[in-house]
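The values are calculated or read from the model by the stated rules, or taken from the named source; none is laboratory data. Note that the structure is a prediction, hence the values are computed from the model and not measured. Note: ideal-geometry Cβ built from the backbone for every residue, glycine included; neighbour counts use all protein chains shown.
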Amino acid sequence: MEQMKLLTEWKYTPAKINRGYTRQFLSVDLGRADGVFTCETHPVSDEMVEKFTGGRGFGLRILWDKVTRKSKWNDPENAIVISGGPLSGTTQYPGMGKFYAVFLSPLTDQTYNSNSGGYFGPFLKASGFDALSVSGKAQRDVVVYIDGDEGAVRVYEWTPENRNSYVVTESLHEYFVETEDDKTSISVISTGEAAEHSYWGAMNVSFYDPRRKAPRMKQAGRGGGGSVMRDKKILALVVKKRGFSGTENNPADLSVLQKVGTKLHREIRQNDDVQCLMRKVGTAHLNLVMNDYDLLPVNNFKFGRHKDIHNIDPDAYEKLFTQGYADGCWYGCSMACAKAVDGFELTTGPDKGKKVTVDGPEYETAASLGSNVGVFDPLWSIEANYYADHYALDSISLGTGLAFVCECYELGLIDKKHTNGLELKFGAKAELLELIHRMMDGKDEFAAAVGKGVRKMKEIFAGKYGADRIVMERIGMEGQGLEVSQYRCQESIAQWGGYFLTLKGPQHDEAWVIFMDMVNKQLPTFEDKAEALFYFPNFRLWFSLTGVCKLPWNDVEPADNRIRYKGIEAAKVPEHVQNYLDVYTAVTGKPLSKEEMILQSERVYNYERVFNLRMGKGTRANHNIPDRALGPVFEDEWNARPEYFDGKLREAGISPEGLSVKEKISKLLEFRRGEWEKLVDAVYKRRGWNSNGVPTVETLQRLGIAFPDVIDIVKAYQ
């Protein structure tokens, strides 16, 4: 750390938070070739609050002014914009420490937004800023440091030998504080060396755990934000704010916050052990549930269940996770779902033999770096999880990408000559970990190709190795350039849309409607599915505007929720929706109805759609869906459930008698392609878009975002 060199400094007067907002944001430009840094504060106007609310909305609005229609992810003007929203930093109600990072993505070439817990979002706001924008490109590795106590923004040059995330994060927690107690006042956003070569670069966000005496990390993992950071030569973003209080947001009505929060804390304490086990195993409780309903991704989403599921079921992870700790990633969150494995001894890689604390794995990582690559060994998944975080690789995209590689290998599309000696079959634990290690430094040509993502792999494997492009298009689980997250959606038409009719690609945070569609049969018509794909993406988007975690919404429910409400209404968890309305009003002082909540989100949803149109994306042609997402591709998939799939053919009006399995697959996929087109039409209509997926002028006018530059863009697509 003696290498830390102060390059520049700006002083500012921290704005006080009033009812959730500071009303200013910070813009840092790291320069172009001239190496000149600039730092400016900007006001947040009433119109910006009214139209964009906060969080992701602020990020999109700020990024819009930074880039042009010709901008690419690695251009200097691309910015990482971080904002938590008006509720971020609330301590009285669980799950209110989130921020959203918005940027142009190397995977999708359009806008992306990725969320994280940890302390950065709340501390940034307490330091005086509703948002932070970092653009430009430094000439050498830098750390951007916001000192909310002194009112200073500093840029340091730092060239450590090891640029990986745990090393950087731990070093900065040591460097910027004087005492052990002060370490809880620091939050670091770091990335790692793999992000310098891969498009899967993750942003790791720290929160200091005084029980473990170590900084732990949550991830804004998806979309390649860490790759953008390293392209700009940012080693880390750091914020420091001592003495954060429970009234930091200066809420309009503290008593309401306390009352509503106490009610949810009571529900968590009483119901979690019989509902989702969040305090014992976190989201990893889903492993067994997904397997039971044929939704667990196995071998690149070929299958939905596996005989070895009990090796990775909740009981297996409960034994590995440290129990009894206050595992919240923000103050006041009693869900305690940020589980960790302590004293884990690594068996491979540069840290072999070291005992570490590993955060997670969450369900998505347990499935992606587990069942989806054919591995049913939780210890292996934990080690892969550690190195994914350390090297800063998004574990969801990493697992889906590795699964694609394994299937290509087993199909003979690539071989050991291409993989530089690795026999990359499903379940090949040693070889898969070795590939992850090779992805760190970018020296191995094949590993570097893998790190560019499934969409680029298809291009590279076909062009360099002669792999069959048609087959790869059928099995490559990506949409809009983003790898599919870890739910098998073949048998839920609505979830086809929940993944592949999204703004940013198939990420489960927009809509997860599999159960109400496939299991509970609550969405029988295309209009019903379209209504679900209107409501839930907008409702979930509201979390991203305000700085709220989704988990306390429906991963714990009132005990009588399914008695008082039925069907889709029960899935909305109305009592918890009302909680959020009450909390919003208690913080901001502004009344908010259920209808106005959705309107806030719909406004930003459509603005982001237009933003993507501006970048040359965002039409029907960009909403691709691979065959593997629609149904079986190969005979072994069909033969795993022959009676079931024969029944699906009959439901489609097609007799399976006399047909070969290959013919059955072809006919089922042809039918489902037709169903997909019907779904697209219904969803676009409900969203107020034309048949090409473009918001109509009338929709934009209704939402109050018919700005001249927005109208010009949509008219160009009419």
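Filter the stretch 406-450 for residues that are aromatic (Phe, Trp, Tyr) and within 29 Å of Ile309 (Cβ to Cβ) and give the result.
Those that are aromatic (Phe, Trp, Tyr) and within 29 Å of Ile309 (Cβ to Cβ): Tyr409, Phe426.
Among the residues that make up the stretch 705-713, is at least one of them touching a residue at least 40 places away in the same chain (Cβ under 8 Å), outside any helix (DSSP H, G or I), within 19 Å of Phe52 (Cα to Cα) and of a type outside the set (A, V, I, L, M)?
So far as the stretch 705-713 goes, no, none of its residues is touching a residue at least 40 places away in the same chain (Cβ under 8 Å), outside any helix (DSSP H, G or I), within 19 Å of Phe52 (Cα to Cα) and of a type outside the set (A, V, I, L, M).
Can you spot a residue in the stretch 49-70 that is aliphatic (A, V, I, L, M) and out of contact with any strand residue (DSSP E or B) (no Cβ under 7 Å at 6 or more places or on another chain)?
no
Is there a residue being over 28 Å from Val356 (Cβ atoms) and either modelled with pLDDT of 95 or more or in contact with a Lys or Arg (Cβ under 9 Å, 6 or more places away or on another chain) (or both) anywhere in the stretch 161-177? Steps first, answer last, please.
Initially, the stretch 161-177 is screened for residues over 28 Å from Val356 (Cβ atoms), giving none.
No, every residue in the stretch 161-177 fails to be over 28 Å from Val356 (Cβ atoms) and either modelled with pLDDT of 95 or more or in contact with a Lys or Arg (Cβ under 9 Å, 6 or more places away or on another chain) (or both).
Would a scan of the stretch 471-486 turn up a residue that is out of contact with any Lys or Arg (no Cβ under 8 Å at 6 or more places or on another chain), in a loop (DSSP other than H, G, I, E, B), without any contact (Cβ under 8 Å) to a residue 60 or more places away in the chain and within 21 Å of Ser368 (Cα to Cα)?
Within the stretch 471-486 (the criterion being out of contact with any Lys or Arg (no Cβ under 8 Å at 6 or more places or on another chain), in a loop (DSSP other than H, G, I, E, B), without any contact (Cβ under 8 Å) to a residue 60 or more places away in the chain and within 21 Å of Ser368 (Cα to Cα)), the answer is no, since none of the residues qualifies.
If you check Phe543, Phe515, Phe534, which single one turns out to be among the hydrophobic types (A, V, I, L, M, F, W, C) and either surrounded by fewer than 19 Cβ atoms within 10 Å (Cβ to Cβ) or in a loop (DSSP other than H, G, I, E, B) (or both)?
None of the other options fit; the residue is Phe515.
Which residue out of Glu602, Glu557, Glu608, Glu569 is in a helix (DSSP H, G or I), over 22 Å from the mean Cα position of the chain (by Cα) and acidic (Asp, Glu)? Walk me through how you get there before you give the answer.
On the way: Glu602 fails: over 22 Å from the mean Cα position of the chain (by Cα); Glu557 fails: in a helix (DSSP H, G or I); Glu608 fails: over 22 Å from the mean Cα position of the chain (by Cα).
From the options Glu602, Glu557, Glu608, Glu569, the qualifying one is Glu569.
Please state which one of Glu180, Glu170, Glu150, Glu174 is under 25 Å from the mean Cα position of the chain (by Cα), charged (D, E, K, R) and assigned by TED's automatic domain parsing to the domain that holds Gln24.
Glu170
Quick check on Leu659: is it buried (at least 22 other Cβ atoms within 10 Å of the Cβ) and not charged (D, E, K, R)? Explain how you work it out, then say what you get.
Working: buried (at least 22 other Cβ atoms within 10 Å of the Cβ): no; not charged (D, E, K, R): yes.
So Leu659 does not fit the description; no.
Determine which member of the set Ser245, Ser206, Ser227 is among the hydroxyl-bearing types (Ser, Thr, Tyr) and within 23 Å of Gln139 (Cα to Cα).
Only one candidate qualifies: Ser227.
If you check every pair at least six apart or on different chains, which have Cβ atoms under 7 Å apart with a residue in the stretch 292-319 that is not assigned by TED's automatic domain parsing to the domain that holds Thr400 first and a residue that is surrounded by fewer than 17 Cβ atoms within 10 Å (Cβ to Cβ) second?
none
Here is a list: Leu257, Leu295, Leu264, Leu286. Which entry is outside any helix (DSSP H, G or I), of a type outside the set (D, E, K, R) and surrounded by 21 or more Cβ atoms within 10 Å (Cβ to Cβ)?
None of the others qualify; the one that does is Leu295.
For the stretch 327-359, how many residues are out of contact with any Ser or Thr (no Cβ under 8 Å at 6 or more places or on another chain) and either under 18 Å from Tyr119 (Cα atoms) or of a type in the set (Val, Ile, Thr) (or both)?
13
Looking only at the stretch 188-217, which residues are closer than 16 Å to Lys233 by Cβ, in a strand (DSSP E or B) and either among the small types (Gly, Ala, Ser) or more than 20 Å from the chain's Cα centre (by Cα) (or both)?
Within the stretch 188-217, Ser190, Gly201 meet the criteria.
Considering each of Thr91, Thr13, Thr53, Thr38 in turn, give the residue that is in contact with a Leu (Cβ under 6 Å, 6 or more places away or on another chain) and modelled with pLDDT of 95 or more. First the steps, then the outcome.
Values: Thr91 fails: in contact with a Leu (Cβ under 6 Å, 6 or more places away or on another chain); Thr13 fails: in contact with a Leu (Cβ under 6 Å, 6 or more places away or on another chain); Thr38 fails: in contact with a Leu (Cβ under 6 Å, 6 or more places away or on another chain).
None of the others qualify; the one that does is Thr53.
Does at least one position in the stretch 218-226 carry a residue that is under 20 Å from the mean Cα position of the chain (by Cα), on the phi > 0 side of the Ramachandran plot, part of a helix (DSSP H, G or I) and at pLDDT 95 or above?
Checking the stretch 218-226: at least one residue is under 20 Å from the mean Cα position of the chain (by Cα), on the phi > 0 side of the Ramachandran plot, part of a helix (DSSP H, G or I) and at pLDDT 95 or above.
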